[in-house]
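The values are calculated or read from the model by the stated rules, or taken from the named source; none is laboratory data. Because the structure is a prediction, the values reported are computed rather than measured. Don't worry about glycine lacking a Cβ; one is built from the backbone with ideal geometry, like all the others, and counts go over all protein chains shown. When the accessible area is computed, the model is the full protein with side chains, heavy atoms only, and any ligands, DNA or RNA have been set aside. Shrake-Rupley method; radii C 1.70, N 1.55, O 1.52, S 1.80 Å.
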Amino acid sequence: MDAFTAGLLQRIKTTESDLSRARDEGDDFLVEVEQAELDDLRRLAAEHGVEVGATRV
């Protein structure tokens, strides 16, 4: 796995965790921010052929 793929997958994992935490805390604004970031990261992964796990937060 190259550095780009590893870094992208790590960012997705971190963002998924941050999104889950924001939901648990009831922070609607942060949920929107983290969801938008996750959507962008998943789009970037798809554009570069990076397989991302099928689980969604």
Exercise. How about region 18-34: which of its residues are small (G, A, S) and touching a residue at least 12 places away in the same chain (Cβ under 8 Å)?
Worked result: S20, A22
For this session: Determine whether D2 is charged (D, E, K, R) and either at pLDDT 95 or above or open to solvent by less than 50 Å² (accessible area, probe 1.4 Å) (or both).
Result: no
Problem set entry | Matching residues, region 22-37, being open to solvent by 60 Å² or more (accessible area, probe 1.4 Å) and within 13 Å of the chain's Cα centre (by Cα) | E32, V33, E37
Problem set entry | Selection from region 38-53 of residues that are more than 11 Å from the chain's Cα centre (by Cα) and hydrophobic (A, V, I, L, M, F, W, C) | A46, V50
Seminar exercise, completed: Picking from R11, R56, the residue that is open to solvent by 80 Å² or more (accessible area, probe 1.4 Å), of a type in the set (D, E, K, R), within 12 Å of the chain's Cα centre (by Cα) and at pLDDT below 95 would be R56
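Table: residues versus (1) in contact with a Pro (Cβ under 9 Å, 6 or more places away or on another chain); (2) of a type outside the set (A, V, I, L, M); (3) assigned to a helix (DSSP H, G or I).
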residue	(1), (2), (3)
L9	no, no, yes
T14	no, yes, yes
V33	no, no, yes
L44	no, no, yes
V50	no, no, no
For this session: Only residues in region 35-52 that are over 13 Å from T5 (Cβ atoms) count as the first member; pair them with residues that are of a type in the set (S, T, Y) and assigned to a helix (DSSP H, G or I), Cβ under 8 angstrom, at least 6 apart or cross-chain, and list the lot.
Result: E37/T15; L38/T15
